[in-house]
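Enquirer: I have a structure here, written as structure tokens, and I will follow up with some questions on it.
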Amino acid sequence: MRPQRYSAVAILLHWALALLLLFQLGLGWALEDLPRSTLFAAFQFHKSVGILILVLSLARLGVRLAVQRPAALDASPAARALAGAVHLLLYGVMIVGPISGWILVSTARVKLPTLLFGLIPLPHLPVGMAMHAPAEVIHGLVGWLLAGLFVLHVAGALRHHLLRDDVIGRMMPQAVARRPALTVAAIAALAACAAAFFAGSASYRRAGATPQPPAAAAPAPEALPAAAPAAPAAAPTASPSALPSPNATTAAVRRWRVLPGGTLGFRTDYSGEAINGRFTRWTADIRFSPEDLPNSRIGVDIDLASVATGDAERDDTLRGDDFFGVAGHPHARFTATRIRKQGSGYVADGALTLAGLTRPVPVRFTLVIDGDRARAAGTATVRRLAFGVGKGQWSDAATIADPVAVSFRFDASAR
């Protein structure tokens, strides 16, 4: 004798998957419109929910094959064929969707590690790069197919309910499996599904998380070579009062204007590969004279949203809360408190303000002055972990090196 209702496990998995699938659909369709500061976290959560759906779908398929289910209702051959096709395609979507997404992650040009719900590392699948384009097409189609199948599935269930077949009752808890409670339960289930979809689409649209507008003025540095994944350091704005006022300079100290064409870049290692990047918007306030180092001062302000590494996804990751957190700390600030001669060059002993923290950072540079023109080049090393840059899965120095090499070069003219 076939049972009259589905098993408790089947009912639980059915409704859990319904809510997760609609949440995932809403989140997936919203990803392209999310603010940059939340995009990386949203993608990570999207991947986590996808793998959870895959696991639960395989469990649901196992229960369907192992546990006897109610007999199919009497219906025309066409109606039974349509119902069977919808159920088969739903299983396909629930399994193929997450797997195609997993292939996308595994074959991406920038291979970002995935921690499921921030806890469980997800390995990459051993598939070739040739699978990336087909997986991308399939993954995009799955979303539309899921939406269509959901509408057909709900329409079929409601049709049976209106015909008083009470098919829905077989997939409801015993307490609400009969009318009129069943009608209320069906309405509540539809409302929960709609809420799950809208929760997914709105989950990462945080107020105030939009990118900051570009800085009003700054030199446009030359391009440095692009590289692999993510990395480095930088952050918030120090108070402008940290720079000396013009009255503090002496007659010997000259004020210099940075000319367009300079570069401000960084370099570190990600999983053994070199990463190069640059900032395209930055300003410098320089008061300097080799004859009056005690009264010389240097201040640099960097617009962190201008980070450029040659890959848009990586740049968005760097702007996010795990790295620069441009929503809360849009600028990095270096202020030299003392400049001293060292060999053929100079050292600017200063402080870097980054992610709400200020740490001493010495900057070594060379300078050639020819009348009213000067050429400067220099380097510094920033320990990103001292500033909390690279949180969670990115805090492992074995994955992304702690020291970040910063380099710059520019021409300047005396004002």
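Enquirer: Under the condition of being surrounded by 14 or more Cβ atoms within 10 Å (Cβ to Cβ) and more than 25 Å from G143 (Cβ to Cβ), which residue from the stretch 53-69 is farthest from the chain's Cα centre (by Cα)?
Expert: R69
Enquirer: Does any residue of the stretch 311-320 turn out to be over 30 Å from E291 (Cα atoms), surrounded by fewer than 20 Cβ atoms within 10 Å (Cβ to Cβ) and not acidic (D, E)?
Expert: Looking through the stretch 311-320, at least one residue is over 30 Å from E291 (Cα atoms), surrounded by fewer than 20 Cβ atoms within 10 Å (Cβ to Cβ) and not acidic (D, E).
Enquirer: List the number of the failed condition for W102; all other conditions in (1) without any contact (Cβ under 8 Å) to a residue 40 or more places away in the chain; (2) touching a strand residue (DSSP E or B) at 6+ places or on another chain (Cβ under 9 Å) hold.
Expert: (1)
Enquirer: Another one. Do we have any residue at all in the stretch 112-131 that's in a helix (DSSP H, G or I) and surrounded by fewer than 15 Cβ atoms within 10 Å (Cβ to Cβ)?
Expert: Yes, the stretch 112-131 contains a residue that is in a helix (DSSP H, G or I) and surrounded by fewer than 15 Cβ atoms within 10 Å (Cβ to Cβ).
Enquirer: Residue check: is H139 part of a helix (DSSP H, G or I), at pLDDT below 85 and either more than 26 Å from L61 (Cα to Cα) or in contact with a helix residue (DSSP H, G or I) (Cβ under 8 Å, 6 or more places away or on another chain) (or both)?
Expert: So H139 does not fit the description; no.
Enquirer: Which one of the conditions (1) in contact (Cβ under 8 Å) with a residue 24 or more places away in the chain; (2) touching an Asp or Glu at 6+ places or on another chain (Cβ under 9 Å) does D372 fail to meet, given that it meets all the rest?
Expert: The one condition D372 does not meet is (2).
Enquirer: Let me confirm something: among Q24, Q68, which residue is outside any loop (DSSP other than H, G, I, E, B) and either under 22 Å from L158 (Cβ atoms) or not assigned by TED's automatic domain parsing to the domain that holds G328 (or both)?
Expert: Every option except Q24 fails the conditions.
Enquirer: Here is a further query. Please work out which residue is surrounded by the most Cβ atoms within 10 Å (Cβ to Cβ), limiting yourself to the stretch 250-305 and to residues that are charged (D, E, K, R) and over 32 Å from the mean Cα position of the chain (by Cα).
Expert: Looking at residues that are charged (D, E, K, R) and over 32 Å from the mean Cα position of the chain (by Cα), I get R297.
Enquirer: Also, quick follow-up: Quick check on the stretch 142-175: of everything there that is among the hydrophobic types (A, V, I, L, M, F, W, C) and not in a helix (DSSP H, G or I), which residue is farthest from W102 (Cα to Cα)?
Expert: Among residues in the stretch 142-175 that are among the hydrophobic types (A, V, I, L, M, F, W, C) and not in a helix (DSSP H, G or I), the one farthest from W102 (Cα to Cα) is L163.
Enquirer: Please give the number of the condition A327 fails out of (1) farther than 30 Å from R205 by Cβ; (2) crowded, with 17+ Cβ neighbours inside 10 Å.
Expert: It is condition (1) that A327 fails.
Enquirer: OK, next. Considering only the stretch 387-415, how many residues are surrounded by 15 or more Cβ atoms within 10 Å (Cβ to Cβ) and not in a strand (DSSP E or B)?
Expert: Qualifying residue count for the region: 10.
Enquirer: Looking only at strands (runs of 3 or more DSSP E) that lie completely in the stretch 243-332, which have at least 3 residues being in contact with a helix residue (DSSP H, G or I) (Cβ under 8 Å, 6 or more places away or on another chain) and not aliphatic (A, V, I, L, M)?
Expert: Output list is empty.
Enquirer: For the stretch 157-182, which positions are touching a residue at least 40 places away in the same chain (Cβ under 8 Å) and buried (at least 16 other Cβ atoms within 10 Å of the Cβ)?
Expert: Scanning the stretch 157-182 gives H160, V167, G169, R170, M171, M172, A177.
Enquirer: Please work out which one of (1) part of a loop (DSSP other than H, G, I, E, B); (2) of a type in the set (A, V, I, L, M); (3) in contact with a helix residue (DSSP H, G or I) (Cβ under 9 Å, 6 or more places away or on another chain) is the condition A351 fails and give its number.
Expert: Of the numbered conditions (1) part of a loop (DSSP other than H, G, I, E, B); (2) of a type in the set (A, V, I, L, M); (3) in contact with a helix residue (DSSP H, G or I) (Cβ under 9 Å, 6 or more places away or on another chain), the odd one out for A351 is (1).
Enquirer: Moving on. Considering only the stretch 58-93, state which residues are of a type in the set (G, A, S) and under 29 Å from L163 (Cβ atoms).
Expert: Matches in the stretch 58-93: A71, A72, A75, S76, A78, A79, A81, A83, G84, A85, G92.
Enquirer: Specify the residue that is surrounded by the fewest Cβ atoms within 10 Å (Cβ to Cβ); the eligible residues are those in the stretch 372-386 that are assigned to a helix (DSSP H, G or I) and of a type in the set (A, V, I, L, M, F, W, C).
Expert: Taking the candidates together, the pick is A386.
The values are calculated or read from the model by the stated rules, or taken from the named source; none is laboratory data. For clarity, every value in this text was computed on a predicted model and none was experimentally measured. We place every Cβ from the backbone using ideal geometry, glycine too, and count neighbours over all the protein chains shown.
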